[in-house]
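The values are calculated or read from the model by the stated rules, or taken from the named source; none is laboratory data. As the structure is a computational prediction, the values presented were derived from the model and not from experiment. Quick reminder, even Gly has a Cβ in these numbers, built from the backbone with ideal geometry, and neighbours come from all protein chains shown. The accessibility values were calculated without ligands, DNA or RNA, using every heavy atom of the protein model including side chains. Shrake-Rupley method; radii C 1.70, N 1.55, O 1.52, S 1.80 Å.
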Amino acid sequence: MSTGTELDREKLFAARLYATRARPYLATALFALHPVESQRVPTMAVDRHWRCYVSPSFVDRTPLAELASVWVHEVSHLLRDHHGRGDRYAARHEVDGAGERLRMNIAGDFEINDDAYGDGLPFPAGAVHPARLGLDTGLLMEEYLRRFSLGGLTQQWAWLDCGSGADGRTREWDLGPGGSHGLSSEERDRVRFRVAQGIQGLPGDVPDGWKRWAEEAFHPPQPWRQLLGAAVRSAISAAGAGDDYAYARPARRSASLPGVVLPSLRHRPPGVTVVIDTSGSVSDAELGSALLEVAAIGRSLGGRRDAVRVISCDAAARVAVPLCRAESIPLVGGGGTDLRAGFRQALRGLPRPDVIVALTDGQTPWPEQQPPCRTVVGLFPRPPQHSEDHDYVPETPPDWSRVVRIG
């Protein structure tokens with residue numbers, strides 16, 4: 001139903017200019033958004049084709065600086081691909097519906113709002129923040145989805161609707177892929193690349209969350225990364241992965257055996273240990289790529305960073321480090337290569353990993369016996385090496401490993 005309020009485009013565009021001055025690295029994305037007047041959206045909302053649906057009454061009642069903050073918020077949903085990630089989360093967990101999509105919208109807002117404001121942009125009235133549910137900041141949307149459900153505390157956000165660009169659920173007001181002023185997939189990729197360039201050109205002036213996003217934008221998902229993620233998911237979904245016995249809850253069969261307490265089968269999050277080859281034959285660029293793979297592995301586990309440990313290894317294995325942020329993992333080494341030490345270190349960890357992932361150039365001896373868990377090997381490419389006497393051919397990964405060639 002129409003409110004009779006006309007869209008104040010001058011104020012709306014002034015707010016976009018305000019946002020551009022406050023966050024110059026987002027300028028390309030902000031001006032790529034095409035505003036569409038709509039009486040059906042509660043505030044502002046985006047679709048996956050980079051249209052921004054705007055409520056005239058919301059623009060009328062919102063102070064200019066807060067309106068600029070909302071511009072930044074909405075374009076952040078699109079840059080971070082929350083709609084695509086929402087679709088993948090729904091498919092992976094076999095959940096859908098308005099309630100689940102609202103949870104995705106809230107979780108995406110948590111990911112954005114924990115470091116989006118300040119330095120000239122005020123926190124918008126009514127905006128959600130993870131601290132309001134007692135949650136940590138700095139997490140990904142997928143991690144927040146594991147940490148809260150809809151209930152009394154989230155009832156205050158039932159009105160929230162940032163559009164299909166935030167959670168992937170098509171709205172009745174969406175113009176769709178054939179509508180006017182939508183961006184093609186190639187145009188959207190170019191916008192993301194330009195924004196990532198701008199972020200990397202402003203060291204020290206950009207929040208950490210945006211820096212991590214820009215690094216990944218320069219290394220978009222490739223077929224080999226999808227293969228690596230699929231190999232890890234296949235390994236952790238195998239029979240027995242993540243299963244253990246515990247006496248905390250006796251098995252139901254104990255009732256048929258008086259005086260005997262049987263343990264019950266307990267499912268725990270599957271554990272993955274990543275062994276990174278840090279020998280002198282692995283370049284700094286490849287080590288950087290390895291850290292990106294570690295982050296991708298964490299995402300393939302549904303954001304369970306606590307289920308991933310990392311070991312750097314050349315001829316000797318270092319201490320296993322839990323995955324918190326990929327950029328904080330110390331990669332030390334530089335000598336010869338013997339990943340057998342890394343495998344031994346991985347298997348000494350408790351609980352023992354369900355999957356070992358080795359990221360290496362392959363110029364290493366391999367364990368003679370198959371580890372008591374599944375193994376995935378990510379191989380960096382290497383051309384044949386020549387010497388005066390013979391062509392050096394490195395030992396190939398063993399048959400019991402799943403091999404994915406990286407790059």
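Calculate, for the range 2-69, the solvent-accessible area per residue in square angstrom, rolling a 1.4 angstrom probe over the heavy atoms of the protein chains. The partial results should precede the final answer.
Details: 2800 Å² over 68 residues.
Per-residue value: 41 Å².
Would you mind working out the accessible area per residue for the range 98-184, using a 1.4 Å probe, and quoting it in Å²?
41 Å²
How large a share of the accessible area of the range 1-71, in percent, is made up of carbon and sulfur atoms when the probe is 1.4 Å and the other protein chains stay in place? Kindly include the intermediate steps, with their values, before the conclusion.
Numbers: 1590 of 3030 Å².
Percent of accessible area from carbon and sulfur atoms in the range 1-71: 52.
Once backbone amide H atoms are built at 1.01 Å from N, residue 171 has 164 as its partners under 5 Å, excluding neighbours fewer than 5 places away on the same chain.
Each of residue 306 and residue 396 was given a label point 7 Å from its Cα along the Cα-to-Cβ line. The distance between the two points is 4.2 nm. Positive-end ranking of 165, 180, 195 along the dipole of the range 155-196, with charges on Cβ about the Cα centre, is headed by 195. Measuring r between the beta carbons of residue 185 and residue 216 and using R0 = 30 Å, the FRET efficiency lands at 0.95.
As an exercise, use a Förster radius of 25 Å and the Cβ-Cβ distance of residue 347 and residue 316 to find the FRET efficiency, rounded to the nearest 0.05. Before the final figure, lay out the partial values.
Working: r = 16 Å, r/R0 = 0.62.
Working from the Cβ atoms, E equals 0.95.
First check a/c for the range 6-82, with a ≥ b ≥ c the square roots of the eigenvalues of its C-alpha gyration tensor; if it is under 1.5, answer rounded, and if not, answer prolate when a/b is larger than b/c or oblate otherwise. Don't skip to the end; give the middle numbers.
Working: a/c = 1.85, a/b = 1.17, b/c = 1.58.
Since a/c reaches 1.5 but b/c is at least a/b, the shape of the range 6-82 is classed as oblate.
The amide H of residue 275, built 1.01 Å from its N in the peptide plane, has 311, 357, 358, 359 as neighbours under 5 Å, considering only residues 5 or more places off or on other chains.
When +1 charges are put on Lys and Arg Cβ atoms and -1 charges on Asp and Glu Cβ atoms, the dipole computed for the range 55-125 relative to its Cα centre reaches about 160 debye.
Where does each of 119-127, 19-27 land if you order them by average Cβ count within 10 Å, highest first?
On the way: 119-127: 14.2, 19-27: 19.2.
Output ranking for 119-127, 19-27: 19-27, 119-127.
Work through the residues other than residue 193 whose Cβ is under 14 Å from its Cβ and net out their charges, Lys, Arg +1 and Asp, Glu -1.
Working: positive: 188, 190, 192, 194; negative: 81, 186, 187, 189, 215, 216.
Taking every Cβ under 14 Å from that of residue 193, the sum is -2.
Here the Karplus relation 6.51 cos²θ - 1.76 cosθ + 1.60, evaluated at θ = phi - 60°, turns the backbone of the range 138-153 into coupling constants of x, 9, 8, 3, 5, 6, 5, 4, 7, 10, 8, 10, 5, x, x, 6 Hz, with x for every Gly and Pro.
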